[in-house]
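Participant: Okay, here's the structure, questions in a sec.
The values are calculated or read from the model by the stated rules, or taken from the named source; none is laboratory data. Just so it is clear, the model here is predicted, and its values are computed rather than measured. Ideal geometry is used to build each Cβ from the backbone, glycine not excepted, and the neighbour counts take in all protein chains shown.
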Amino acid sequence: MQTTNCPGGVSAGGAMRAGFILAILFFAAYYTYIAFAELNYLSSAGRLGPGFFPRIIGVSLVALCALSLYIDLKHLPAAEAVAPAWRSAAVLALLSGVFIALFEPLGGLASMIVFMAAALWILNPGRALQNALIAVLLPLGIYLVFQLWLNAAMPRGMFPLPF
Amino acid sequence: MDIFSNLILGLSVAISPINLAYLFIGVMLGMFVGIIPGFGPAAGIAILLPITFGMDPTGAVIMLSAIYYGSMYGGTITSILLNTPGDSATVASTFDGYPLAQQGRAGPALVMQAVASFFGGTVGVILITVLAPLFAQVTRSFGPPEFFLLVMMGLMTLIVMIGGNWRYGAISALIGFALGTVGVDLETGQSRFTFQSAEMIGGIDFIPIAIGLFGLGELYYAFYNGLHLSGSGGIVQYQKEKRFWPELRDFVETKFSMLRGAVLGFCIGVIPGAGATIASLMSYSVEKSISKTPERFGKGAMEGLVGPEAANNAASSGAMVPLLSLGIPGSASTAVLLAAFLMWGLTPGPLLMAQKPEFAWGLIASMYLGNVALLGLNIFAIPLFVQMIKVPYRILGPAVILICTIGTYSVNGSIIETWLMFAAGLVGFFMKLYGYSPAALVLALVLGPLAEQSLRQTLTISRGSFGIFLERPTSLWILGVTAAVLAAGLLLRRGRREED
C-alpha cells in the first residue's frame, strides 16, 4: 500500500474514516429521534411497546459512535494508507450501479452483456476477442440457468427475447 | 428413537439420487467458493441461495450446507499453493502449508490437509450426531431470558474475538439490531421505520443485505487491494514434484495433532460467535506450544498444517449444533444458513429434531457423505481446482457481480432490493476498509427480532426487573459461560497485541 503524506493536516484517508463514522452517527441520531418521537415505550395494554427496543439500540449507537468519533479524531493519523488500486474498485462500483440502473429498462440478458463488455474492456484491456466471447457467452449461460432452468424472475426489458 | 435408527432414517433421505446430486453440486460449489480469495462460506451461501429456489427444502438445505463445509476444504488449496488463504479460517494453513510447498512437498501437504479436513469434519459430524439431540433436549426448558442471553453471548463473543477494534464491532452489531427493527412490530402491529413504504412493512430482507455485504463488499475490497492485478503468478507447480503422496511418517507424526485439532475445533465451534478462524489459530498455537521442536513451525511443520485444518473443519460442524438445537447461529455463515432454513419454512430450534426428524437427520447424514466426497475431490480433483485458481480475478470479479445482481433480483423480482444490495455492498466495502464487522451486522440483523422479543417477554415476566437473569439457574450458567468465553477472548486479544 502507498501512503499519502499530508504534513500538518489530515489525510484524505483519515478524513474519509471520520466521515464514515459521522455518517453512521447521523443515521443513529435520526433512528433514535424516530424511536423517541414516533414509537411508544409502552403499548396500550401497558406492556413494553414498539419503541422500547429501538430506544435502547438508538441511544447505545449514538453514544458509541460519538465516543468512537472523539477517540478517532484524537488519534487520527496525519497520513493514512491508500491502496493504489482504489480507482479499479471505484470503477467497478460505478459500473455495478450503472448495470442495476439499466437492468429493468434493457432487460436481463442485454444489460448483463453491456456490463460485462464494459467491465472487461476497462479491467482486461488488450484482449478484444477473449473479452467479446466472455461478455456474450457468460451472460447467456447465466441467463439460461436462471430463466430456463430455475424459472427465476428476470426483467424482459424493451426488447423481450422469444425464449 | 435412538441415534442409530435416526441416522438410518437420515441416510435413507440423504442417499436419494436427487439429494446425492445436490450434495455433490454443493461440495463442488463450496470448494470453488473456498478457493476464491476473499470469499468465505457466508458469501458463497448468500450468492448461491437463489439457485436453490426450484428445489425441495431438504435438498436445498443439504446443498447449502455442503457449500458451507465444502468451502472450508477449498480455502486451503490456495493457502498451500499460493500463500493466499481463500478465507480467514484458512489463514493458519499458510504458516506451514506454503513453506512445505516451497520445499517441494506441495503434493503431500495437499493430501495431508485433505485427510485432516476429512478427519476434523467427520469427528465434528459424529459429535453433532451425539450432542445435537442432547442439546435439543436440554434447551427445551429454555425460556425467554435464556434465549436473550444466548443471543447476546454470541454477539459479544464475536465482537471480542474478531480481533479488531471492539467499538467498531459493537457499532456493527447495533446497526444490525437497528435494521432488524424495521417493519411491523409483531406484538402491537405498529409500523416502525417504514416511511409509509409497502416494501418495508415486512422488514428489511436479509438476502440483499447478506449478498451486498459479503458478495459485493468483499469484491470491491479485493479490487481496492489490487487482487485483480496480482493474478496467480506465484502458484507453486506441484506437478513437477517427484513425490505426490505423503510418507507413512507424515501420518504417524500428525495423528494426535489431527485429534487435538478436531476436538478443540468442535468445542470452539459450538460456542456461538467463536468460529473456525479462532479454532484454527488456537490449534496452531497449541501444536506449537506442545511441540518438542517449535522452531520448525513456520518453516514447514506438517503438524502446523494438519492441526488447524482439522480444527477449522470440526469447528464448522460444531457451529451447526447451536443452529440446529437452538436456532441460534454462531457465525455469519450459519446466520445465512438460518435465513435459508427459515425461507424454506424450517424453524431450527429445540423442537426441530422431534418435529422434522427426516430433515434434521437427513442433513446430518448428508454431512458424513459430503466429507467423503470432499476427501476424494480434494485429492483427485486438485488439477481442476488449480485451473480455477488461474482464472484472473479481473474476469472473475465482474462475473460475481452478475451473479449477485441476478440472484438478488430473482428472489422477489424487486429492483428496490437490488439497489439495497448495491448499497449494502458499498457499506460493506467501507466496513471492511475501516475495520468494522459485516459478520456482526448480519448476525445481529438475523437475531435482532429474537433478541427483542425475548427481552420484552423476559421483562414482562419479571415485571420490569433485570434481576430475573440472576435468579434462574440456567441463566446463571449461561452468564458464567459467557464471562469465561469473554475472558478467554480478552486474553487472546492481549496475547495477539503482545505478539504484534
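Participant: Kindly check whether there is at least one residue in segment A:42-59 that is over 18 Å from B:SER437 (Cβ atoms), part of a helix (DSSP H, G or I) and of a type in the set (D, E, K, R).
Facilitator: For segment A:42-59, residues over 18 Å from B:SER437 (Cβ atoms), part of a helix (DSSP H, G or I) and of a type in the set (D, E, K, R): present.
Participant: Can you tell me which residue in segment B:399-424 is surrounded by the most Cβ atoms within 10 Å (Cβ to Cβ), limited to those that are at the interface with chain A (Cβ under 7 Å from one of its Cβ atoms) and of a type in the set (Gly, Ala, Ser)?
Facilitator: Out of the qualifying residues, it is B:SER410.
Here is a yes/no grid of residues against (1) within 11 Å of chain A (Cβ to nearest Cβ); (2) surrounded by fewer than 21 Cβ atoms within 10 Å (Cβ to Cβ); (3) among the charged types (D, E, K, R):
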{"residue": "B:GLY435", "(1), (2), (3)": "yes, yes, no"}
{"residue": "B:PRO438", "(1), (2), (3)": "no, no, no"}
{"residue": "B:ALA444", "(1), (2), (3)": "yes, no, no"}
{"residue": "B:LEU447", "(1), (2), (3)": "no, no, no"}
{"residue": "B:GLU452", "(1), (2), (3)": "yes, no, yes"}
{"residue": "B:LEU455", "(1), (2), (3)": "yes, no, no"}
{"residue": "B:GLU471", "(1), (2), (3)": "no, yes, yes"}
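Participant: B:GLY203 is checked against (1) buried (at least 18 other Cβ atoms within 10 Å of the Cβ); (2) in contact with a helix residue (DSSP H, G or I) (Cβ under 7 Å, 6 or more places away or on another chain); (3) in contact (Cβ under 8 Å) with a residue 12 or more places away in the chain and fails just one. What number does that condition carry?
Facilitator: Tallying (1) buried (at least 18 other Cβ atoms within 10 Å of the Cβ); (2) in contact with a helix residue (DSSP H, G or I) (Cβ under 7 Å, 6 or more places away or on another chain); (3) in contact (Cβ under 8 Å) with a residue 12 or more places away in the chain, B:GLY203 fails exactly one: (2).
Participant: Under 20 Å from A:TYR41 (Cα atoms), in contact (Cβ under 8 Å) with a residue 12 or more places away in the chain and at the interface with another protein chain (Cβ under 10 Å from one of its Cβ atoms): is that true of B:LEU219 in this structure?
Facilitator: no
Participant: Let me ask another. If you take just the helices (runs of 4 or more DSSP H) that sit entirely in segment B:274-333, which of them hold at least 3 residues that are within 13 Å of B:VAL91 (Cα to Cα)?
Facilitator: Qualifying helices (runs of 4 or more DSSP H): B:276-290, B:302-318.
Participant: Then there's this: Quick check: anything in segment B:308-323 farther than 17 Å from B:VAL270 by Cβ and either surrounded by fewer than 24 Cβ atoms within 10 Å (Cβ to Cβ) or at pLDDT below 85 (or both)?
Facilitator: No, segment B:308-323 contains no residue that is farther than 17 Å from B:VAL270 by Cβ and either surrounded by fewer than 24 Cβ atoms within 10 Å (Cβ to Cβ) or at pLDDT below 85 (or both).
Participant: Can you find even one residue in segment B:99-115 that is assigned to a helix (DSSP H, G or I) and under 19 Å from the mean Cα position of the chain (by Cα)?
Facilitator: Within segment B:99-115 (the criterion being assigned to a helix (DSSP H, G or I) and under 19 Å from the mean Cα position of the chain (by Cα)), the answer is yes, since at least one residue qualifies.
Participant: If you don't mind, another one. Looking only at segment B:261-273, which residues are outside any loop (DSSP other than H, G, I, E, B) and buried (at least 20 other Cβ atoms within 10 Å of the Cβ)?
Facilitator: Once the filter is applied, which keeps residues that are outside any loop (DSSP other than H, G, I, E, B) and buried (at least 20 other Cβ atoms within 10 Å of the Cβ), segment B:261-273 yields B:GLY261, B:ALA262, B:LEU264, B:GLY265, B:PHE266, B:ILE268, B:GLY269, B:VAL270.
Participant: What number of residues within segment B:44-96 are under 19 Å from B:PRO392 (Cα atoms) and under 14 Å from the mean Cα position of the chain (by Cα)?
Facilitator: Final tally of qualifying residues: 5.
Participant: With the checklist (1) facing another protein chain (nearest Cβ under 7 Å); (2) within 23 Å of the chain's Cα centre (by Cα); (3) within 24 Å of B:ILE416 (Cα to Cα) in hand, flag the one item A:TRP86 doesn't pass.
Facilitator: Every condition holds for A:TRP86 apart from (3).
Participant: For the structure I just gave you, tell me whether B:LYS255 is of a type outside the set (A, V, I, L, M, F, W, C), farther than 30 Å from A:LEU123 by Cβ, at pLDDT below 90 and in a loop (DSSP other than H, G, I, E, B).
Facilitator: No; evaluated as a whole, the condition is false for this residue.
Residues are listed down the side, and each one gets a yes or a no for (1) more than 8 Å from chain B (Cβ to nearest Cβ); (2) over 20 Å from B:PHE177 (Cβ atoms):
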| position | (1), (2) |
| --- | --- |
| A:PHE26 | yes, no |
| A:TYR33 | yes, no |
| A:LEU48 | no, no |
| A:LEU67 | no, no |
| A:LEU94 | yes, yes |
| A:ALA118 | yes, yes |
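Participant: On to the next question. More than 11 Å from chain A (Cβ to nearest Cβ) and at pLDDT below 85: does that describe B:ALA210?
Facilitator: no
Participant: Considering only residues that are of a type in the set (S, T, N, Q) and either crowded, with 21+ Cβ neighbours inside 10 Å or more than 9 Å from chain A (Cβ to nearest Cβ) (or both), which ones fall in segment B:150-197?
Facilitator: B:THR157, B:SER172, B:THR181, B:THR194, B:GLN196, B:SER197
Participant: Considering B:THR94, B:THR90, which residue is β-branched (Val, Ile, Thr) and either in contact with a Cys (Cβ under 6 Å, 6 or more places away or on another chain) or free of Cβ contacts under 8 Å to residues at least 60 places away in the same chain (or both)?
Facilitator: The unique qualifying residue is B:THR94.
Participant: Working only within segment A:84-134, note down all residues that are surrounded by 16 or more Cβ atoms within 10 Å (Cβ to Cβ), among the small types (Gly, Ala, Ser) and closer than 23 Å to A:ALA153 by Cβ.
Facilitator: Scanning segment A:84-134 gives A:SER96, A:GLY107, A:GLY108, A:ALA110, A:SER111.
Participant: Another question, then. Among what's in segment B:378-397 and is within 25 Å of A:MET116 (Cβ to Cβ) and aromatic (Phe, Trp, Tyr), pick the residue that is farthest from the other protein chains (Cβ to nearest Cβ).
Facilitator: B:PHE385
Participant: Separate question: Based on this model, can you work out whether B:LEU7 counts as at pLDDT below 85 and either buried (at least 22 other Cβ atoms within 10 Å of the Cβ) or within 17 Å of B:MET367 (Cβ to Cβ) (or both)?
Facilitator: no
Participant: So, one more: Please identify the pairs in which a residue from segment B:42-58 that is within 14 Å of chain A (Cβ to nearest Cβ) and under 18 Å from B:GLY428 (Cβ atoms) has its Cβ atom under 9 Å from the Cβ atom of a residue that is among the basic types (Lys, Arg) and part of a helix (DSSP H, G or I), counting only partners at least 6 apart or on another chain.
Facilitator: none
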